[in-house]
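Notes to accompany the following structure.
The values are calculated or read from the model by the stated rules, or taken from the named source; none is laboratory data. Predicted model only: the values in this text are computed from it and were never measured. No Cβ is skipped: glycine too gets one built from the backbone with ideal geometry, and neighbour counts run over all protein chains shown.
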2 protein chains.
Amino acid sequence: MITIALAKGALLKDSISIFKKAGLDFSEALLVENRSLTIESKCKKAKALLVRNGDVPVYVSYGQADLGIVGYDVLQESDAEIAKLLDLGFGGCSMSLAVKKDSGYLKPTDLPPNCYVASKFVKTARLYFEKLNIPVEIVHLTGSVELGPITGMAEAIVDLVATGKTLKDNGLIKIDDIYHSTARLVANPLSMRIDNKPLQDLILSIESSNDNKN
Amino acid sequence: MITIALAKGALLKDSISIFKKAGLDFSEALLVENRSLTIESKCKKAKALLVRNGDVPVYVSYGQADLGIVGYDVLQESDAEIAKLLDLGFGGCSMSLAVKKDSGYLKPTDLPPNCYVASKFVKTARLYFEKLNIPVEIVHLTGSVELGPITGMAEAIVDLVATGKTLKDNGLIKIDDIYHSTARLVANPLSMRIDNKPLQDLILSIESSNDNKN
């Protein structure tokens, strides 16, 4: 049986559509009353694990899931060894650098040396500033990163921006885009290597419907 | 003005009661329609930051909050330098080791050497097994840790247990308690040291009502 790790939250609905087109129906997972963490497809040929965004690479790398769908942002933070198969195009948002609107900072190099930058994405933030050769201290927050500049703890934030509403509501503006993040199809490298025809057929089917869309 | 970091979620209601008894009313934060991350007390003498559990030590250690209320479990995972002032007694739950009910493991030393243990609390889990001198590999998950044993990825989990319902619903049983966690009052060490009478009075008031309760 094929096992698929799906991220709960914003990507779930589109992830389920992708597998439905490929013949696996996990739509039970979208029912409000669903509390189950594992869902069998209607055809009983596959099983989905409903996990937190950041846990998708863990289940896939440990081989508890053959496939997974997860945001590019999560992959950038993860050290898990997994095969990145396909850009699925949905769930688009940008990893951005933002500051207080009235801060006067218009570009990253305007930030004062050794200032604090708050982020949930510490690896991304660290690499970004290293490439720019700007010394900053990254403060790791797990939620509501916009509070960093509001409270004066941080001069800037590195965070995912979808509509920009949260930034606007908190008096922040974007001054740089670091990368564009979309949902990705990932696989366990060993599952890919062994002779598993149903898995290979499933991947081919997703690839071909993805190609037709683009 | 005194700033207080409060953890959103299970501890919020009781945390607000503690400050209300001490004369600071943040009950606006409990309104369902509240979306604000900062709340001023009705008397305008203090401000509360509503943050994620794990971020309370960050705001307090960086001095953006003078005081905070957070679970002992979060403090055990955090490296933040903060003053631990008081056990407030509420929000009790146990940090436990649990396994599949039908696994046959009755105590930690029954676990096979080098097996996988899933946890959100990697530091706690690592220290626990180090003390017991049992070599295990800790798998860091960020949510739904019970999926670890269900999927076969992990032999055991280290997780917070309040009522035990989640364990039971997932066919797991507790085989050891690591510590009992409750809500703690914490403070920024510098805020404590400088001459700040309103802050000292507030702490004394919380201490005395806490003493009366015990």
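So which strands (runs of 3 or more DSSP E) are wholly in segment A:112-214 and hold at least 1 residues that are away from every other protein chain (no Cβ under 14 Å) and modelled with pLDDT of 95 or more?
In segment A:112-214, the matching strands (runs of 3 or more DSSP E) lie at A:156-161, A:172-181, A:183-187.
Would you say A:LYS8 is crowded, with 16+ Cβ neighbours inside 10 Å, within 14 Å of chain B (Cβ to nearest Cβ) and out of contact with any Leu (no Cβ under 8 Å at 6 or more places or on another chain)?
When the stated conditions are applied, A:LYS8 does not pass them.
Being in contact with a strand residue (DSSP E or B) (Cβ under 8 Å, 6 or more places away or on another chain) and free of Cβ contacts under 8 Å to residues at least 60 places away in the same chain is the requirement here; does B:SER144 meet it?
Spelling it out, B:SER144 is indeed in contact with a strand residue (DSSP E or B) (Cβ under 8 Å, 6 or more places away or on another chain) and free of Cβ contacts under 8 Å to residues at least 60 places away in the same chain.
Condition test on A:SER144, is it of a type outside the set (Lys, Arg), within 22 Å of the chain's Cα centre (by Cα) and on the phi > 0 side of the Ramachandran plot?
For A:SER144, the condition - of a type outside the set (Lys, Arg), within 22 Å of the chain's Cα centre (by Cα) and on the phi > 0 side of the Ramachandran plot - is met.
Given (1) over 23 Å from the mean Cα position of the chain (by Cα); (2) outside the structural domain of A:TYR72 (by TED's automatic domain parsing), where does A:ILE173 come up short, assuming only one miss?
The failed condition is (1).
With the requirement that a residue be under 29 Å from A:CYS115 (Cβ atoms) and either more than 11 Å from every other protein chain (Cβ to nearest Cβ) or at pLDDT below 95 (or both), what does segment B:32-51 give you?
If the condition is that a residue be under 29 Å from A:CYS115 (Cβ atoms) and either more than 11 Å from every other protein chain (Cβ to nearest Cβ) or at pLDDT below 95 (or both), then B:ARG35, B:SER36, B:LEU37, B:THR38, B:ILE39, B:GLU40, B:ALA46, B:ALA48 are the ones that fit.
From the list A:LEU111, A:LEU132, A:LEU106, which residue is more than 20 Å from A:THR151 (Cβ to Cβ), without any contact (Cβ under 8 Å) to a residue 60 or more places away in the chain and in the same structural domain as A:VAL161 (by TED's automatic domain parsing)?
A:LEU132
Restricting to segment B:58-72, name every residue that is in contact with a helix residue (DSSP H, G or I) (Cβ under 8 Å, 6 or more places away or on another chain) and within 11 Å of chain A (Cβ to nearest Cβ).
B:TYR59, B:GLY63, B:GLN64, B:ALA65
Consider B:ASP66 carefully, then state whether it is buried (at least 19 other Cβ atoms within 10 Å of the Cβ), of a type outside the set (Lys, Arg) and outside the structural domain of B:HIS140 (by TED's automatic domain parsing).
So B:ASP66 fits the description; yes.
When you scan segment B:15-25, do you find a residue that is of a type outside the set (D, E, K, R), within 14 Å of another protein chain (Cβ to nearest Cβ) and surrounded by 16 or more Cβ atoms within 10 Å (Cβ to Cβ), even just one?
No, segment B:15-25 contains no residue that is of a type outside the set (D, E, K, R), within 14 Å of another protein chain (Cβ to nearest Cβ) and surrounded by 16 or more Cβ atoms within 10 Å (Cβ to Cβ).
Residue check, A:PRO149 against (1) more than 19 Å from the chain's Cα centre (by Cα); (2) farther than 25 Å from A:VAL99 by Cβ, all met but one. Which one?
Of (1) more than 19 Å from the chain's Cα centre (by Cα); (2) farther than 25 Å from A:VAL99 by Cβ, only one is false for A:PRO149: (2).
Of the residues in segment A:92-104, how many are surrounded by fewer than 20 Cβ atoms within 10 Å (Cβ to Cβ), at negative phi and either touching a Ser or Thr at 6+ places or on another chain (Cβ under 9 Å) or not basic (Lys, Arg) (or both)?
Count: 5.
Name the single residue that is farthest from B:ARG52 (Cα to Cα) among those in segment A:139-149 being surrounded by fewer than 19 Cβ atoms within 10 Å (Cβ to Cβ) and not small (Gly, Ala, Ser).
So, considering only residues that are surrounded by fewer than 19 Cβ atoms within 10 Å (Cβ to Cβ) and not small (Gly, Ala, Ser), the one farthest from B:ARG52 (Cα to Cα) is A:HIS140.
List the number of the failed condition for B:GLU77; all other conditions in (1) touching a residue at least 60 places away in the same chain (Cβ under 8 Å); (2) in the same structural domain as B:ALA10 (by TED's automatic domain parsing) hold.
For B:GLU77, the exception is condition (1).
Going by what's in this entry, would B:LYS123 be described as in contact (Cβ under 8 Å) with a residue 40 or more places away in the chain and not assigned by TED's automatic domain parsing to the domain that holds B:SER78?
Considered against the rule, which asks whether it is in contact (Cβ under 8 Å) with a residue 40 or more places away in the chain and not assigned by TED's automatic domain parsing to the domain that holds B:SER78, B:LYS123 comes out as yes.
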